[in-house]
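Novice: Mind having a look at this structure? Questions to follow.
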Amino acid sequence: MILLNPGPVTLSERVRQALLSPDLCHREPEFFDLQDEIRARLLDVHDLNPDDWAAVLLSGSGTAAMEAMVSSLVPDDGRLLVLENGVYGERLSRIARLHGIECEALRHDWGGRLDLERLAARLDQPPAITHLAVVHHETTTGRLNDLPAVTALCREQGVAVLVDAVSSFGAEAIDFDGWGLDACAATANKCLHGVPGAAFVIVRRASLKGAGVARTLYLDLATACQAQDARGTPFTPAIQSYYALREALREFFDQGGRATRYARYLALAEQVRKGFETVGIEPLLAPADSSVVLRAYRLPAGLSYDRLHDGLKAQGFVIYAGQGGLGGSIFRISTMGDVASEDMTRLVAAVADTLGAP
Ligand SMILES: *Cc1c(COP(=O)(O)O)cnc(C)c1O
C-alpha cells in the first residue's frame with residue numbers, strides 16, 4: 001500500500017529495518033548516543049548553530065510538539081496572537097486557551113491568504129502582542145503561508161514567533177535566523193520519513209530562559225531540554241520511534257539533505273498536478289501558493305470522495321479527505337515518504353480508471 005496521506009508516510013526498507021534494532025534501556029549510554037545523534041542531526045536539517053538552537057525531543061505526535069511549544073514559551077504576562085487559516089492554526093488557539101494563555105486570533109477562511117494589512121494593524125494597537133503563532137504549511141489546504149512577510153512584521157515590533165512546521169520541516173525552506181524565529185514544532189513521521197511517536201521542538205536557547213513557570217509536567221520544554229543536554233531523559237521515550245528517526249535522518253543526509261528533498265517533492269507534486277490536469281481534475285490553489293509537500297484538488301463533479309478513495313485503495317493507494325466543510329469538495333495528495341515517480345504515474349492512471357468506472 002502506498003500512503004499519500006500527510007503522514008504517517010510510506011517507509012523505506014532501511015527505516016523499517018531500524019525498527020527491529022536491539023532492545024534498549026533508556027538509562028544506558030547507548031540510548032543517550034541515539035538521542036544525541038538525533039538532536040544534532042535535527043539541527044543540521046536546516047543548518048542551525050547548536051550554540052544558539054536546541055532540538056528538544058518529545059514522545060508523542062506532532063500535536064504534542066505544538067502543545068509543548070505554545071505552553072512552554074508564552075509567559076503568564078505574555079499575549080499570543082494566532083493566525084488561523086485552517087485546522088492547525090485553529091488548533092494552536094485551542095491549545096493556548098486550554099492553558100489559560102492570553103490569546104486572540106486573526107481568523108481567515110480556510111485556504112485564504114494571510115492578511116498582512118490586518119496583521120500589521122493589530123500589531124500596532126494595544127494591548128501589545130508579545131508572541132505570534134502561525135502554521136508554516138497549512139496541511140488543511142496545502143497552502144504555504146508567507147512566513148518571510150509575517151515574520152518581517154513581527155521583527156519590526158519585537159514579537160516572538162512560534163511556528164507549527166509539522167508538515168514543512170525537512171522539505172520547505174525555513175530561515176530560522178533570518179526570519180528571527182523563536183521556535184518550530186515538528187515531527188518524525190512527515191517530511192523526515194520516520195514513524196509516529198517522536199516529535200520535537202527546535203527552540204532558540206535564549207527563549208527557553210524567559211519561559212517562566214511550567215504549565216505542564218510532561219510537555220515542559222525547559223525541563224526536557226535541560227535533561228537532554230545532560231544526556232538524560234525525564235520519562236520513558238518511544239525508543240523504537242527514535243531508532244527509526246535516526247535511520248531516517250541518516251538516509252535524509254545520504255540522499256542530499258533538505259534542498260534535495262524539496263526538489264524531489266516538487267517534481268512529484270508537479271507530476272501529479274499535470275497528470276490530474278489531463279483527466280480534468282483541478283488544484284484548489286495555484287502552485288505558487290502551495291507547498292511541495294501536499295496539494296489539495298477539487299473532486300470532479302459526480303464523483304464522491306468515498307468512491308474515489310475506495311477505487312484508489314483497491315489499486316494500492318491511500319489518499320486523504322478534506323477536513324470539516326471541505327470534506328465534500330476536495331481531496332488531498334501528499335507526496336512525502338518513500339514514493340517514486342513511477343508510483344505517481346500509476347496513481348494518475350488509477351484516478352482515470354476510477355473516474356471512468358460506472
Ligand atoms: C500533521 C500536522 C500536525 C500534527 O498532527 P498529529 O496528528 O498530532 O501528528 C500539526 N500541524 C500540521 C500543520 C500538521 O500537518
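Novice: Quick check on this structure: which one of Arg231, Arg215, Arg273, Arg295 is open to solvent by 20 Å² or more (accessible area, probe 1.4 Å) and under 23 Å from the mean Cα position of the chain (by Cα)?
Specialist: Arg273
Novice: To continue, here is another question. Please name all residue pairs, on different chains or six or more residues apart, with Cβ atoms under 6 Å, provided the first residue is in the stretch 158-170 and is at positive phi and the second residue is within 8 Å of the ligand (Cβ to nearest atom).
Specialist: From residues that are at positive phi, there are no pairs.
Novice: Considering only residues that are surrounded by 24 or more Cβ atoms within 10 Å (Cβ to Cβ) and outside any helix (DSSP H, G or I), which ones fall in the stretch 59-74?
Specialist: Val74
Novice: I'm trying to understand the selection: among the residues of the stretch 240-257, which are among the hydrophobic types (A, V, I, L, M, F, W, C) and out of contact with any strand residue (DSSP E or B) (no Cβ under 9 Å at 6 or more places or on another chain)?
Specialist: Within the stretch 240-257, Ala248, Leu249, Phe252, Phe253 meet the criteria.
Novice: With free of Cβ contacts under 8 Å to residues at least 12 places away in the same chain and not small (Gly, Ala, Ser) as the only criterion, which of Asp23, Asp51 stands out?
Specialist: Of Asp23, Asp51, the one residue that is free of Cβ contacts under 8 Å to residues at least 12 places away in the same chain and not small (Gly, Ala, Ser) is Asp23.
Residue-by-condition table, conditions (1) within 30 Å of Val203 (Cα to Cα); (2) not in a helix (DSSP H, G or I):
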| position | (1), (2) |
| --- | --- |
| Tyr218 | yes, yes |
| Ala224 | yes, no |
| Thr260 | yes, no |
| Gln271 | no, no |
| Phe276 | no, no |
| Ala296 | no, yes |
| Leu303 | no, yes |
| Leu308 | no, no |
| Gln315 | no, yes |
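Novice: While we're here: Six or more apart or on different chains, Cβ atoms under 8 Å: show the pairs whose first residue is in the stretch 125-138 and farther than 11 Å from Val82 by Cα and whose second is at pLDDT 95 or above and within 7 Å of the ligand (Cβ to nearest atom).
Specialist: These pairs meet every condition: His136/Asp164; His136/Ser167; His137/Ser167; Glu138/Tyr88.
Novice: Checking the conditions here, which among Asp182, Asp254 is more than 16 Å from the ligand (Cβ to nearest atom), acidic (Asp, Glu) and either free of Cβ contacts under 8 Å to residues at least 40 places away in the same chain or out of contact with any helix residue (DSSP H, G or I) (no Cβ under 9 Å at 6 or more places or on another chain) (or both)?
Specialist: From the options Asp182, Asp254, the qualifying one is Asp254.
Novice: Only helices (runs of 4 or more DSSP H) wholly contained in the stretch 75-158 count here; list those with 2 or more residues that are more than 16 Å from the ligand (Cβ to nearest atom), among the acidic types (Asp, Glu) and open to solvent by 50 Å² or more (accessible area, probe 1.4 Å).
Specialist: So the answer is 116-124.
Novice: Is it the case, given these coordinates, that Tyr243 is in contact with a helix residue (DSSP H, G or I) (Cβ under 6 Å, 6 or more places away or on another chain), within 28 Å of Ser61 (Cβ to Cβ), of a type in the set (Ser, Thr, Tyr) and open to solvent by less than 30 Å² (accessible area, probe 1.4 Å)?
Specialist: yes
Novice: In the stretch 37-58, how many are open to solvent by less than 30 Å² (accessible area, probe 1.4 Å), assigned to a helix (DSSP H, G or I) and not β-branched (Val, Ile, Thr)?
Specialist: Adding up the residues that qualify gives 3.
Novice: May I ask you to list pairs of residues, at least six apart or on different chains, whose Cβ atoms are under 8 Å apart, with the first in the stretch 199-210 being touching a residue at least 12 places away in the same chain (Cβ under 8 Å) and the second being open to solvent by 50 Å² or more (accessible area, probe 1.4 Å) and within 16 Å of the ligand (Cβ to nearest atom)?
Specialist: Ala199/Ser61
Novice: Now a separate question. When you go through Leu285, Leu308 one by one, which is the residue that is in contact with a Ser or Thr (Cβ under 7 Å, 6 or more places away or on another chain), surrounded by 17 or more Cβ atoms within 10 Å (Cβ to Cβ) and within 12 Å of Gly142 (Cα to Cα)?
Specialist: The match here is Leu285.
Novice: If you don't mind, there's one more thing I want to ask. Across the stretch 11-36, what is the total count of residues that are in a helix (DSSP H, G or I) and either open to solvent by 40 Å² or more (accessible area, probe 1.4 Å) or at pLDDT below 95 (or both)?
Specialist: 8
Novice: Follow-up. Of all residues in the stretch 317-348, how many are part of a loop (DSSP other than H, G, I, E, B) and crowded, with 20+ Cβ neighbours inside 10 Å?
Specialist: Going through the stretch 317-348 one residue at a time, the tally reaches 6.
The values are calculated or read from the model by the stated rules, or taken from the named source; none is laboratory data. All values reported here derive from a predicted model rather than from experimental measurement. Quick reminder, even Gly has a Cβ in these numbers, built from the backbone with ideal geometry, and neighbours come from all protein chains shown. SASA here: full protein model, heavy atoms, side chains in, ligands and nucleic acids out. Shrake-Rupley method; radii C 1.70, N 1.55, O 1.52, S 1.80 Å.
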